[in-house]
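Below is one structure, written out as structure tokens; the observations come after it.
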Amino acid sequence: MLSVLMTYIRSFVPQSEQGQDLIEYAMLGGLIALAIIGVAVAALSGALDTMFAGIGNCVDFDAATGCDPF
């Protein structure tokens, strides 16, 4: 039963390895981009919170604080 299933699955896998390098490089590039985005978000999360709080003060016209989002 398992051998029949494996044969069926293998029938969908192309036998040629043409284009395999391109897929590997695309996956590696995506992984690197994901890591860079993750580090940037982690490093900037405090700065982004401060900026959004400042913008919120400007939009709410909070008289106690100045309107300086940065």
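No value in this document is a laboratory result; all are computed from the given coordinates. These numbers come from a predicted model, not from an experiment. Here the Cβ positions follow ideal geometry from the backbone for every residue, glycine too, while neighbour counts run over all protein chains shown.
Computed from the C-beta positions of residue 35 and residue 1 and an R0 of 30 Å, the FRET efficiency is 0.10 to the nearest 0.05. Each residue, residue 15 and residue 52, gets one label point 7 Å from its Cα in the Cβ direction; the gap between the two is 5.5 nm.
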